[in-house]
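This report concerns only the one structure given below.
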Amino acid sequence: MLKTLFAATVALTLAAIAEPSAAAGLFDGKTLQVSYLYPDTGMTLRGPDDIVGGGPAVSWNIGSSMAVSLAGNTLSAVDTCYIGCVFDPVTFNGLRLSDAYGVLAPITGVSINAATNFPAFDLSRVTFDSDNIYLNFGGLTFTSDTGVFAVDVRTGSGAVPEPATWALLIAGFGLVGSGIRRRRLLKA
């Protein structure tokens, strides 16, 4: 009985620590900045513009019409070009999403979302550090009306347990401890 209570207390506590806010999307309601960099990461062609997760897209005319949006944990860029487009094959031709306001935990991973319709856009074109994501479109071409680039982002939470989690943990250990003490007293 005590072992079961102890195991349940530990399991509930670990679950609460591991998933602090599974219901909310990573970007939802958070303000970040987006820029278009060209011809390298040191030159800004457009932006930086504030972008809110779940809010309206940021749009630019950069030879074609590009709209950038954030939803859940996905960064999407939709490029509309009616005659076929070629992204200049320079050192860097693409987006930087920046956590300029420090609203995210450090970025720990990026993966290509299934909505991406460019087979040549792969992880070799994506770089990131703890506060920035870079998507390099340099040299890509498309002939359809609309090109979609989408990546899913992960952050390391470095989660600190909520006070209620600590209270549950302490109460559980207290119950287990008092049960052990009571059992010893009954044996004596």
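The values are calculated or read from the model by the stated rules, or taken from the named source; none is laboratory data. All values derive from a computational prediction rather than experimental measurement. All Cβ positions, glycine included, derive from the backbone under ideal geometry; neighbour counts span all protein chains shown.
The table for this structure:
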| quantity | calculated |
| --- | --- |
| Close pairs (7 angstrom Cβ cut-off, 6 or more residues apart or separate chains): free of Cβ contacts under 8 Å to residues at least 40 places away in the same chain in the stretch 85-101, surrounded by 15 or more Cβ atoms within 10 Å (Cβ to Cβ) anywhere | none |
| Qualifying residue in the stretch 20-34 (condition: more than 17 Å from the chain's Cα centre (by Cα) and either crowded, with 18+ Cβ neighbours inside 10 Å or more than 21 Å from PHE142 (Cβ to Cβ) (or both)) | no |
| Residue under evaluation SER76, criteria (1) touching a Leu at 6+ places or on another chain (Cβ under 8 Å); (2) under 17 Å from PHE149 (Cα atoms); (3) surrounded by fewer than 15 Cβ atoms within 10 Å (Cβ to Cβ), criterion not met | (3) |
| Per-region count, the stretch 135-147, residues touching a Phe, Trp or Tyr at 6+ places or on another chain (Cβ under 7 Å) and not in a loop (DSSP other than H, G, I, E, B) | 4 |
| Residue that is farthest from SER59 (Cα to Cα), among those in the stretch 73-92 that are at pLDDT below 95 and outside any strand (DSSP E or B) | PRO89 |
| Members of the stretch 144-177 found to be modelled with pLDDT of 70 or more and either loosely packed, with under 11 Cβ neighbours inside 10 Å or closer than 25 Å to THR91 by Cβ (or both), listed by number | GLY147, VAL148, PHE149, ALA150, VAL151, VAL153 |
